[in-house]
Amino acid sequence: MPTLEIDGKQVAYEGKKMILQVANDHGIELPQYCYHPGLSIVASCRICLVEVESPDPKDPTKLVKLPKLTPSCQTPAVDGMKVYSKSPKSKANQQAVMEFLLINHPLDCPVCDQAGECYLQDYSYKYGRAESRFEEDKAKNPKKDVGDHILLYADRCIMCTRCVRFTREISGTAELAVFGRGHKEEIDIFPGRPVNNPLASNVVDLCPVGALLDKDFLFTQRVWFLKSTPSISPISSAGENIEIHHNEGRIYRIKPRFNKDVNQWWIADETRYGYTFVHENRLSTPERMDNAAPMETTWDRATAQVGESLRSAYANGAGGNLAAIFSPFDSTEEMFLQAKYVRSLDPQAFLALNPSRIAGEDQVFKNPATGAVTYVIKGEKAPNRVGAEKILAAFGGNVCGLGDLAGKKIAGVIVSLDPIEHNDAQLAEAVAGIKTVVTLATRPSRLRERSEVLLPATTWAEKSGVYENFAGKIQLFEQSIPPLDDTRSAGRIFWDLLGTPGMYHAPTVRDAMTDAGLQGYADLEVPPTQLRIDDMEFAEL
């Protein structure tokens, strides 16, 4: 395996890679602005220039120093090469680049949303000068509204062109471009073409400084107060990997989490801004029907009444007169416990799945230059339909479609509603003739008035579990915020209804699923979060 030396450290690499890519792979910090592993290499920022000694083509046993500094992002790694990023010449270049970038950059870090996660701040401290030598007036540019979710603070732009390359190479929409030359050079949109493509806000993540900012997050929270929890998109069958950034029980933003097999470095805007249902119009207290009107009750009384009502409904028939309706937005563990519970009451109980939400055809994005597919936004929005179908197949027996329930002689049903779109009309029709209806829901629905017992459930952000995407990839997500008020996860609800001792524990359920013959749920782990480049030297790798 070829090796090279970076600042005295021997590192191995495979294939054809640039020096900077090898350094990043091994957690060696080389300053970088314009480079991004998902975009083309332009070598425009010049802060990654290094001194290089490379084997002489005529005599590989000898090293020849290249006559000038070379961009590490654009220089191929060669076996036996030596790279110096801390030499006097390299350091002088780093200081010069930082000085040029800060000449017209406003000193507005205290009011900038990027403060605390800004490469310009970090590199100014690590590679810049202690004092500025620039005494003239700084050039000033207006703030611009460039999209429904995006603001451009042109004063702060360092012309890395990451955003421009994204709209040309990933979304293929090319709304952003570089206008002007020299000190008048700036990023802007074409007239009448705002950055509103379905992947638009990825340019905010790409911006290494505070030039492109998210309107929805603007001035809402300081980033150093935020906690980050790995999760999976709750509104896409693609299984996009995300990070939930939250503080004091509230979600403030969603960011992409790198997964080369699923979403790479990007997420769709519908995932980024689709978390608001967590904090809006929530049910928070169990309810039971009293004189044809819903009345608040306690969890102990509610769960006791659920068991009593469903057992009573089953006792009035000869089997096959109970049913469960699953939500493809629930975790696989929760649906396993739901099926186990209803079949414990009625071994011939019918199992049905609330149909997936479909929002048109898949949206396919391509690189216009190469024709390669860069991203796909799935039309199917349910995150766990495949997991639900796997549970139904595992339990077998009386499994049917939602529309088929109306023709069955069913006396009792327990329904888990989708947190975003309830399919109220279909569900109301399916349970119209059923006397005993028990509902798990996060928000009010048409079934509220039909439910003998209504149990307030948590959203995906308030629990942990697994989703299985459209391609059958099983992925784990973690709880990020505490359950709202008196809500409980569907898993805990069915755990308690089954009378299982101890507190609900999702890994224990996954062990039971494996014992029941369901494969792929043992030893699941969340993939590690991709570290920021400038944090690498301080992190455990």
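For the reader, a short list of remarks on this structure follows.
- Failed item in (1) more than 30 Å from Ala369 (Cα to Cα); (2) outside any loop (DSSP other than H, G, I, E, B); (3) touching a Leu at 6+ places or on another chain (Cβ under 9 Å), with Leu4 passing the rest: (3)
- Scanning region 222-251 for residues that are in a strand (DSSP E or B), within 20 Å of Asp418 (Cα to Cα) and without any contact (Cβ under 8 Å) to a residue 40 or more places away in the chain yields a total of 0.
- Residue count for region 287-304 under the criterion of being assigned to a helix (DSSP H, G or I) and more than 35 Å from the chain's Cα centre (by Cα): the result is 3.
- In region 154-168, residue nearest to Thr370 (Cα to Cα) [restricted to those that are charged (D, E, K, R) and buried (at least 20 other Cβ atoms within 10 Å of the Cβ)]: Arg168
- Annotation note: Cβ proximity below 7 Å between a residue of region 479-503 that is without any contact (Cβ under 8 Å) to a residue 40 or more places away in the chain and open to solvent by 60 Å² or more (accessible area, probe 1.4 Å) and a residue that is of a type outside the set (Val, Ile, Thr) and in a loop (DSSP other than H, G, I, E, B) (sequence gap 6+ or interchain) occurs for Arg492/Tyr504.
- Given (1) touching a residue at least 24 places away in the same chain (Cβ under 8 Å); (2) open to solvent by 40 Å² or more (accessible area, probe 1.4 Å), index of the condition Gln121 fails: (1)
- Among the numbered conditions (1) surrounded by fewer than 22 Cβ atoms within 10 Å (Cβ to Cβ); (2) over 30 Å from the mean Cα position of the chain (by Cα); (3) in contact (Cβ under 8 Å) with a residue 12 or more places away in the chain, the only one that Lys58 does not meet is (3).
- Asn398 vs. criteria over 22 Å from Asn469 (Cα atoms), touching a residue at least 40 places away in the same chain (Cβ under 8 Å) and over 31 Å from the mean Cα position of the chain (by Cα): yes
- Strands (runs of 3 or more DSSP E) contained in region 443-531 and holding at least 2 residues over 26 Å from Ile358 (Cβ atoms): 453-456
- For region 305-324, the criterion of being under 30 Å from Ser236 (Cα atoms), of a type in the set (Gly, Ala, Ser) and not in a helix (DSSP H, G or I) is satisfied by at least one residue.
- Some residue of region 40-53 being surrounded by fewer than 14 Cβ atoms within 10 Å (Cβ to Cβ), farther than 30 Å from Gln221 by Cα and basic (Lys, Arg): no
- Here region 326-353 is the region considered, the condition is being touching a strand residue (DSSP E or B) at 6+ places or on another chain (Cβ under 6 Å) and in a loop (DSSP other than H, G, I, E, B), and the residue that is surrounded by the most Cβ atoms within 10 Å (Cβ to Cβ) is Asp330.
- Among (1) under 30 Å from Val438 (Cβ atoms); (2) in a loop (DSSP other than H, G, I, E, B); (3) hydrophobic (A, V, I, L, M, F, W, C) - the single one Ile267 does not satisfy: (1)
Every residue, every condition in (1) within 27 Å of Ala369 (Cβ to Cβ); (2) among the hydroxyl-bearing types (Ser, Thr, Tyr); (3) crowded, with 16+ Cβ neighbours inside 10 Å, yes or no:
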position	(1), (2), (3)
Ala130	no, no, no
Phe134	no, no, no
Asp145	no, no, no
Leu152	yes, no, yes
Pro191	yes, no, no
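- Single condition Gln94 does not satisfy, out of (1) open to solvent by 50 Å² or more (accessible area, probe 1.4 Å); (2) part of a helix (DSSP H, G or I); (3) touching a residue at least 40 places away in the same chain (Cβ under 8 Å): (1)
The values are calculated or read from the model by the stated rules, or taken from the named source; none is laboratory data. Here the structure is a predicted model, which is why all the values come from computation and not from measurement. We place every Cβ from the backbone using ideal geometry, glycine too, and count neighbours over all the protein chains shown. Heavy atoms of the whole protein, side chains included, go into the accessibility calculation; ligands, DNA and RNA do not. Shrake-Rupley method; radii C 1.70, N 1.55, O 1.52, S 1.80 Å.
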